[in-house]
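What follows is a short report on a single structure.
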Amino acid sequence: MRRRHAALVALLVALAMPATFARGGQAPVSAAPAPSPRNANYSIDVDLDPASRTITGRAVVTWRNLTSKPASELRFHTYWNAWRDTTSTWMREWIRGAGPDTSELTRRPKSEWASMDVTAIRLLAGGTTAMADLLGGAHYIAPDDGNAEDRTVLAVPLPKSVGPGETIAVEVSWIAHVPRTFARTGVVGNSFFLAQWFPKLGVLEDGGWNTHQFHASTEFFSDYGVYDVRMTVPRGWVVGATGVERSRTDTPTGKTVHQYVQEDVHDFAWTTSPDYIVKTERFEHKRLQAVEMRLLIQPEHASQADRYFMATRATLRSYGEWYGPYPYVHITIVDPAFQTEAGGMEYPTLFTGGTNWLAPLTVTDPEDVTVHECGHQFWYGLVGNNEFEHAWIDEGLNTFSTARVIEETFSPNFYERRFFGGVVPWVFHDIAMSREIAGDRMAGYRTAARSDAQQTPSWRYASGTGGAITYNKTALWLHTLERYLGWRRLQRGMSLFFARSTFKHPTPEDFFSAINEGAGRDLSWYFDQVYRSSNAFDYALGTLTTEKRGDAYHTEVMVQRRGEALFPVDVQVIFDDGSRVREHWDGRERWKLYTWDRSAAAVSAEVDPDNVLLLDIDRTNNSRTLTPQTNKAARQWTARWFLWLQDLVQTYAFFV
Amino acid sequence: MRSSSESARAFWRGWSRVLLAPETILGVWLATALAALPAAILMHDAISTQLGSSLTASKVAAGFDYGWWEEFEAQARGVATTLAPVVIGAAAPVSNWSSLIDGSGIPRSLLVQVTFALTVWLFLSGGLIDRFARGRRIGTRAFFGTCGLFFFRFLRLGLLIGAAYYVLTGWFHALLFDVLFPWITHEVTSERAAFAWRVALYSIWLLPLLAVNIVADYAKVRAVVEDRRSMLGALAAGARFVARHPVAAVGLYFTNTLVLAVCFSLYLLAAPGAHGGDWRLLEVLVIGQAWILARVTTKLAFMSTSAALFQGLLAHAEYTAPPVPVWPESPAAEAIENAVRFGVRSEP
């Protein structure tokens, strides 16, 4: 094992050091350059003990300093310590957001919490001999909030700085207790889903280590590299992981070692259970690379395998055609077990979907989550944005893209409610869910529209609002931009951003400049509104009057800007002879008055009649008509509601 | 054998007494509807105010506009917060049964309205049981006189039975679904298996609930038919009757439940959806209210068939220990008087 490790370390160090070779000596003789920097490489051995729910791991981490400054320490994320007890920053934020009901925590026995204890850190160089014990100087830090009890960032001082372009290799050993699921990671029954399960290096930038504490509302950020992982699990258990299985070896102790390897990724997750059923299919496309799709599905969902494959194909096709190709030759789709709460999450070349035992075909929730999580292979996996600070780049762009795919490929999608413990579905075939309402998630945005400017670092959003700003608001302003510019221009900008940012860590400015370039114009005024401010949009039709003056009708329309944010909108008036007029308003003043003298009386007026501005938090006030159908509408729905109330009375008359 | 034949006879007798008294069905329907009407006025106002003279109203009049509903919901207060897609068609009863069984309860904003409507039901119950037990029209004055007479007795009975319901829907429900269910399914990774456990717990919860309901029915019947003053006595008498005739009582109860299930199946097929329009509104009113009438009728049939069963098995004219007739005499006294005077039983 140690000899194999030494060879691997040497190989990884060589792969990670092209700059050093170039500086000091001959240029490396190699094949095509790696697509990613491969500056954070992991060779890991991990043993899972299902009975005690612990994992024991040892990793050789090879890291190259890509910055222009020397690094005097390493910083590791030890995410699982967020779930040791209630004193971590993650827990404190979760409790704050949960309100008075924290029974989910108080009911957990000690055995269902997590821990990640680093037991050894040694500096390696050259051969197999450990050079220095680094554990003694290692200490936890809290760079975000100073919480001394938070143990999710481990700083490891180095005896000698790692200069720009230089490489270091360290061996890290740890023991971690697998919790009952927290944040999609953990175990229920025999179903293990393991993410953020190893001490993972942060990202060193010119300004220093970008290694945030683990927050309740944020995800992750790390560098690209090669992962070579050997997972020891009970024999007969199915394993799914980032990468491709390279070998499988039975041990004399009744276990099996599964080796998975993947280049050019920034994370590694894995799952194991004896219950998975394995199915495979192939994605093929004229212009895009073929991809082997491997599905690990629960027995009770086996009949829904086709839905998973169809949704994954649709994503690889649509995102590939719109933005750029998926470069890996395989993808693993995991159907999580009931109660594991591991569903709806993304990891490089592996993602978790989610469905129900009873899942009507006309409700595309399983497709929605599959497209979204598969879509993250592009936004997050290939474009490696900092999810602590700019979560909107992956979540928002992906939510927008997912909604587009669902509308194009999986319509109609009907509204559903679940009864009797949330199990029995009831589909409302009269209520089709639209892209802007369901896909872009308007309702969630509306409640948090003014809570924070999007440019606020994600980890600092107010409790309970991060999702609405990150996912919903971004999807809505992108969709608005699509309607404003046209899809072709927006798609051009997004594909430029994708091409420039693949295997990199882009910033918001990278995105905005790509969109400006794709649109062929400067949209800074727009990004100032949607990204740099917390202003909300609300245009309204203030008044509509039309009165006969002599032979003509004098019509006056006053439009208002009730929100603080600005956007150019059209104003349309319809007359009783069927004619229409349309004015374009720059939307800057608080109100504007339009007047017409025509032979016909006005019937109705509307601001933004084409519904371009999807961020408008109140669309009902956008129009007025002189022949309102209000009473008819109120009668329709009051009658139905009254019927429901009468039925409610008869239901509880059981007790009388 | 006797039980099942009496049960069948009581079913037919009870249902025919109800169906031959359409004024009681319509009266109860109207009374409970009027009790809930003020809430409907509030809802109408809330929708009208929010829509104003917007063009959105046309879309809302044409069908369920989900985007509009989300806007409405975001600003709704009080009763208006209960407007949701579940009011559409057959989703309404399913949603209400689900909320009862899962312990969600009555929405807080409607607690007053629903309680008032149930109080109206309680007030009418005494007169209704009396009417059905006699099997003949009794006139408005006598009907409401009996309602008034038994209302306060039923309030006392309600305290006793209510305590049992409170324990069953509160503590026992929480024990089963908030403690036992999570404990049993803690490591279950199959939704199907977890639901099977849930159904089992539903059954365990429903059994005592239905048992109390059946006993309560016969307690009310005995209180009225035998003109009992003591509600503790009526409750004990009801329990004794059910204990001595379990097959008949339970069989009748479930047969009536089956009728309700058939009515629901028909409503499921015919219930209008979310599309608007004047004709659709008419459909909602006609088909929807037909469903409510079916529910009211079934509820009345529970009362009537229980009374018929009791009278068939026990409170017939040859029943020993006849009460001294005191005006307004009880149905049992009337039956005896008729037997003495005319040599006939008082049944249709």
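Does A:Thr480 count as closer than 29 Å to B:Glu71 by Cβ and either modelled with pLDDT under 95 or touching a Ser or Thr at 6+ places or on another chain (Cβ under 7 Å) (or both)? Against the criterion (closer than 29 Å to B:Glu71 by Cβ and either modelled with pLDDT under 95 or touching a Ser or Thr at 6+ places or on another chain (Cβ under 7 Å) (or both)), A:Thr480 does not qualify.
Conditions (1) more than 14 Å from chain B (Cβ to nearest Cβ); (2) outside any loop (DSSP other than H, G, I, E, B); (3) surrounded by fewer than 22 Cβ atoms within 10 Å (Cβ to Cβ), marked per residue:
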| residue | (1), (2), (3) |
| --- | --- |
| A:Phe221 | yes, no, no |
| A:Asp264 | yes, yes, yes |
| A:Lys286 | yes, no, yes |
| A:Gln289 | yes, no, yes |
| A:Ala302 | no, yes, yes |
| A:Ala305 | yes, yes, yes |
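Within segment A:598-620, the residues that satisfy the criterion of being within 7 Å of chain B (Cβ to nearest Cβ) and either of a type outside the set (Ser, Thr, Tyr) or assigned to a strand (DSSP E or B) (or both) are A:Ser604, A:Glu606, A:Asp618, A:Arg619. Candidates B:Arg137, B:Arg228, B:Arg153: the one that is surrounded by fewer than 16 Cβ atoms within 10 Å (Cβ to Cβ) and either under 20 Å from B:Ser125 (Cα atoms) or modelled with pLDDT under 95 (or both) is B:Arg137.
Scanning segment B:85-112 for residues that are at the interface with chain A (Cβ under 7 Å from one of its Cβ atoms) and closer than 23 Å to B:Gly273 by Cα turns up B:Pro85, B:Val86, B:Val87, B:Ile88, B:Ala91, B:Ala92, B:Pro93, B:Val94, B:Ser95, B:Asn96, B:Trp97, B:Ser98. Considering (1) touching a residue at least 40 places away in the same chain (Cβ under 8 Å); (2) assigned to a loop (DSSP other than H, G, I, E, B), the lone condition that A:Pro100 does not fulfil carries the number (1).
Residue-by-condition table, conditions (1) within 24 Å of the chain's Cα centre (by Cα); (2) buried (at least 21 other Cβ atoms within 10 Å of the Cβ); (3) farther than 28 Å from A:Asn39 by Cα:
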position	(1), (2), (3)
A:Asp228	no, yes, no
A:Gly240	yes, yes, no
A:Thr253	no, no, yes
A:Ala269	yes, yes, no
A:Leu296	yes, yes, yes
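Selection within segment A:621-638: residues that are more than 7 Å from chain B (Cβ to nearest Cβ) and outside any helix (DSSP H, G or I). The member of this set that is farthest from B:Ala39 (Cα to Cα) is A:Leu626. Might you let me know whether segment A:639-653 holds any residue that is surrounded by fewer than 24 Cβ atoms within 10 Å (Cβ to Cβ), facing another protein chain (nearest Cβ under 7 Å) and part of a strand (DSSP E or B)? There is no residue in segment A:639-653 that is surrounded by fewer than 24 Cβ atoms within 10 Å (Cβ to Cβ), facing another protein chain (nearest Cβ under 7 Å) and part of a strand (DSSP E or B). Once segment A:320-357 is narrowed to residues that are within 14 Å of chain B (Cβ to nearest Cβ) and out of contact with any helix residue (DSSP H, G or I) (no Cβ under 8 Å at 6 or more places or on another chain), the residue that is nearest to A:Glu219 (Cα to Cα) is A:Ala342. Going by what's in this entry, would B:Ala76 be described as more than 8 Å from every other protein chain (Cβ to nearest Cβ), modelled with pLDDT of 95 or more and either buried (at least 18 other Cβ atoms within 10 Å of the Cβ) or more than 18 Å from A:Asp647 (Cβ to Cβ) (or both)? The answer is yes for B:Ala76. Among all positions in segment A:353-374, there is no residue which is more than 22 Å from A:Ser411 (Cα to Cα) and in contact with a strand residue (DSSP E or B) (Cβ under 7 Å, 6 or more places away or on another chain). Inside segment B:238-255, can you point out the residues that are crowded, with 22+ Cβ neighbours inside 10 Å and under 26 Å from B:Cys147 (Cα atoms)? Scanning segment B:238-255 gives B:Gly238, B:Phe241, B:Ala249, B:Leu252. Name the residues in segment A:525-558 that are surrounded by 16 or more Cβ atoms within 10 Å (Cβ to Cβ), assigned to a loop (DSSP other than H, G, I, E, B) and of a type outside the set (Asp, Glu), would you? The answer is A:Tyr531, A:Ser533, A:Ser534, A:Asn535, A:Ala536. A Cβ distance below 8 Å, combined with a sequence gap of six or more or placement on separate chains, defines the contacts here; from segment B:43-63, residues that are touching a residue at least 40 places away in the same chain (Cβ under 8 Å) reach residues that are in a loop (DSSP other than H, G, I, E, B) and of a type in the set (A, V, I, L, M, F, W, C) in the pairs B:Met43/B:Leu83; B:Gly63/B:Ala274.
Within segment A:185-194, can one find any residue that is among the hydrophobic types (A, V, I, L, M, F, W, C) and not in a strand (DSSP E or B)? The answer is no; no qualifying residue exists. Return yes or no: is A:Val371 outside the structural domain of A:Ala269 (by TED's automatic domain parsing), surrounded by 22 or more Cβ atoms within 10 Å (Cβ to Cβ) and modelled with pLDDT of 95 or more? When the stated conditions are applied, A:Val371 passes them. Inside segment B:19-54, residues that are facing chain A (nearest Cβ under 9 Å) and of a type outside the set (Ser, Thr, Tyr) make up a count of 16.
Being touching a helix residue (DSSP H, G or I) at 6+ places or on another chain (Cβ under 7 Å) and aromatic (Phe, Trp, Tyr): is that true of A:Phe182 here? In short, yes. Condition first: of a type in the set (Ser, Thr, Tyr) and closer than 28 Å to A:Tyr461 by Cα. Can you find one or more residues in segment A:485-496 that meet it? No: zero hits. In segment B:145-177, what count of residues is obtained for those that are farther than 12 Å from B:Ala223 by Cβ and among the aromatic types (Phe, Trp, Tyr)? Qualifying residue count for the region: 5. Going by the structure shown, is A:Gly236 crowded, with 22+ Cβ neighbours inside 10 Å, modelled with pLDDT of 95 or more, in the same structural domain as A:Asp85 (by TED's automatic domain parsing) and farther than 27 Å from A:Trp392 by Cα? Considered against the rule, which asks whether it is crowded, with 22+ Cβ neighbours inside 10 Å, modelled with pLDDT of 95 or more, in the same structural domain as A:Asp85 (by TED's automatic domain parsing) and farther than 27 Å from A:Trp392 by Cα, A:Gly236 comes out as no.
Scanning segment A:416-433 for residues that are outside any strand (DSSP E or B), surrounded by fewer than 20 Cβ atoms within 10 Å (Cβ to Cβ) and free of Cβ contacts under 8 Å to residues at least 24 places away in the same chain returns A:Phe420, A:Gly421, A:Gly422.
Residues that are more than 15 Å from A:Glu73 (Cα to Cα), among the small types (Gly, Ala, Ser), surrounded by fewer than 23 Cβ atoms within 10 Å (Cβ to Cβ) and more than 14 Å from every other protein chain (Cβ to nearest Cβ) within segment A:171-215 comprise A:Ser173, A:Ala183, listed in sequence order.
For every residue, the table says whether it meets (1) within 28 Å of the chain's Cα centre (by Cα); (2) surrounded by 14 or more Cβ atoms within 10 Å (Cβ to Cβ); (3) under 22 Å from B:Val28 (Cα atoms); (4) modelled with pLDDT of 80 or more.
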{"residue": "B:Gly273", "(1), (2), (3), (4)": "yes, yes, no, yes"}
{"residue": "B:Arg295", "(1), (2), (3), (4)": "yes, yes, yes, yes"}
{"residue": "B:Thr298", "(1), (2), (3), (4)": "yes, yes, yes, yes"}
{"residue": "B:Met303", "(1), (2), (3), (4)": "yes, yes, yes, yes"}
{"residue": "B:Leu309", "(1), (2), (3), (4)": "yes, yes, no, yes"}
{"residue": "B:Ala317", "(1), (2), (3), (4)": "no, yes, no, no"}
{"residue": "B:Ala321", "(1), (2), (3), (4)": "no, no, no, no"}
{"residue": "B:Val324", "(1), (2), (3), (4)": "no, no, no, no"}
{"residue": "B:Val344", "(1), (2), (3), (4)": "no, no, no, no"}
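Here B:Thr32 fulfils each of the conditions (1) at pLDDT below 95; (2) β-branched (Val, Ile, Thr); (3) more than 29 Å from B:Val112 (Cα to Cα) apart from (3).
The values are calculated or read from the model by the stated rules, or taken from the named source; none is laboratory data. Quick caveat, the model's predicted, so the values are computed rather than measured. Please note: Cβ atoms are built from the backbone with ideal geometry, for glycine as well, and neighbour counts cover all protein chains shown.
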